[in-house]
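> Below you'll find the structure I mean.
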Amino acid sequence: MLTLSVLDQSPVRKGATASQAVRETIELARAADRLGYHRYWIAEHHNSGGLASAAPEILIGEVASRTKHLRVGSGGVMLTHYSSLKVAETFRMLEALHPGRIDLGVGRAPGSDTKTARALASGAGPGLDRYGEQLMDVYGYLANDLPPDHPYAGIRAMPDGDTMPELWVLGSSAAGAQYAAEFGWSHCFAHFINADGGDRAMALYRERFKPSPFLAAPHGAIAVSVTVAATEAEAEYLSWSRWGWRIMAQKAERGGIPTPEEALAFAYTPEERDYLLYVKSRSIFGDPEQVRGRMVQLASEYGVEEVVAVTITHDFAARVRSYELLAGAFGLAARE
């Protein structure tokens, strides 16, 4: 049986507001808690007309306080923008408020355009070349385990406690898998971003994994674009909102996630239509049994036992229904 989790990018529906998108994140998290999902991750994106979650650490606290059973975390914090100490302190506080329920997933993608990335860092920022060092520092601050010769040895991320957030490296290439293996973190591969070579990246993670003080064996997951509906035709139709938005957003269409009708009617170039075919090929959509079969197959190909589902539709009720149908397909046990 696969473990099922949720990745929420807080999509802003065309005709709605970013504030509504954030409230829908809370509502969807409560539904996921009732439906029996394992964890609920919140993404980080900046200066986006279609995705509202710019500060996942704030939403994490709100979601955790409104739910009872889910692990709640970041999918993920874009670490290269920030101080490792500040990230560690933020997640130490979340762990103190919700012990045993917090995940810290980090990535090195900007989650924004270059100009916005510079603004976030108030200058040059740490840079990709220091990402591995930042990962070590985050753990060192969280666990009070900085090397004695570290320039900041003795600094502790407060509030201290007996438990620590679960640590994940997120990635869409072999680089993320390598970092996770080297430092002994859990690893989630973003199949919904890049389906090419993901199975090899996950195999690399398992082969090169070095046990850490908090993780004795490799622990992997994949994040996948999923849309479930009563029929395959309906699921494909609903999915066009996400597929079309990928192109429309690149053309400075900041109106949010379009309706399926708008996405289907958009004037795509031949090159864009080729790209849409690629996006469609790495998406899982269909009726519950079709989706279940494809997810089980994909998890087997990647050698993982957990799938994190990313679902974006223009109609929020259809989005909730997709997660309901997915939970039913896998027989998740409903909770109060």
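> Please list log₁₀ I(q)/I(0) at q = 0.20, 0.22 Å⁻¹ for region 235-286, using the Debye equation with identical point scatterers on the alpha-carbon positions.
-0.63, -0.77
> Assuming 0.36 nm per residue, please report the length gained on full extension of the stretch K68 to E133 beyond their Cα-Cα distance.
Gain on stretching K68 to E133: 19.9 nm.
> Can you compute the helix-only [θ] at 222 nm over the chain? Use -39500 (n - 2.57) per DSSP H run of at least 4 residues, normalise by all residues, nearest 500 deg cm²/dmol.
Taken over the chain, the calculation gives -14000 deg cm²/dmol.
> Got a sec to turn the phi values of region 2-18 into Karplus ³J(HN,Hα) couplings, 6.51 cos²θ - 1.76 cosθ + 1.60 with θ = phi - 60°, whole Hz, x for Gly and Pro?
3J(HN,Hα) across region 2-18, in whole Hz: 6, 7, 10, 9, 10, 10, 10, 9, 6, x, 9, 6, 4, x, 10, 10, 5.
> Would you report the distance distribution of C-alpha pairs in the chain as whole percents per 10 angstrom bin, up to the bin with the largest distance?
For the chain, the pair-distance distribution reads 6, 26, 36, 24, 7, 1, 0.
> Something else now. Please report Rg over Rh for region 265-333, where both radii come from the alpha carbon positions and Rh follows the Kirkwood definition.
1.04
> Y278 label point, 7 Å along Cα→Cβ, cut-off 20 Å on backbone N: hits in region 163-192?
171-176, 189-192
> With r as the distance between the Cβ atoms of K210 and Y268 and R0 = 35 Å, compute the FRET efficiency 1/(1 + (r/R0)^6) and round to 0.05.
0.15
> A further question follows. Give me the percent relative contact order of the chain, please, defined on Cα pairs under 8 angstrom at least 6 residues apart.
Averaging sequence separation for qualifying contacts and normalising by length gives 20 percent for the chain.
> How much length, in nm to one decimal, is gained on full extension between S300 and A203, taken as 0.36 nm per residue of separation minus their Cα-Cα distance?
33.8 nm
> Against the longest alpha carbon principal axis of the chain, how many degrees, from 0 to 90 and to the nearest 10, is the axis of helix 270-281 turned?
For helix 270-281, the angle is close to 70 degrees.
> Principal axis lengths of region 220-336 from Cα atoms, whole Å, largest first?
Result, largest extent first: 43, 31, 23 Å.
> Follow-up. Run the dipole for region 1-66 about the Cα centre, Lys and Arg Cβ at +1, Asp and Glu Cβ at -1, nothing else charged, and hand back the magnitude in debye, nearest 20.
Once rounded to the nearest 20, the dipole reads 200 debye.
> Right, next: Once you charge only the Cβ atoms, +1 for Lys and Arg and -1 for Asp and Glu, what is the size of the charge dipole of the chain about its Cα centre, to the nearest 20 debye?
Result for the chain is approximately 340 debye, rounded to the nearest 20.
> Continuing with this model, one more query. Any idea what angle helix 56-66 forms with the longest principal axis of the chain, computed on alpha-carbon atoms, 0 to 90 degrees, nearest 10?
With rounding to tens, the tilt is 80 degrees.
None of the figures in this text is laboratory data; all of them are computed from the coordinates on show. Since we're looking at a predicted model, the values are computed, not measured. Heads up, the Cβs are rebuilt from the backbone with ideal geometry, glycines too, and the neighbour counts pull from every protein chain shown.
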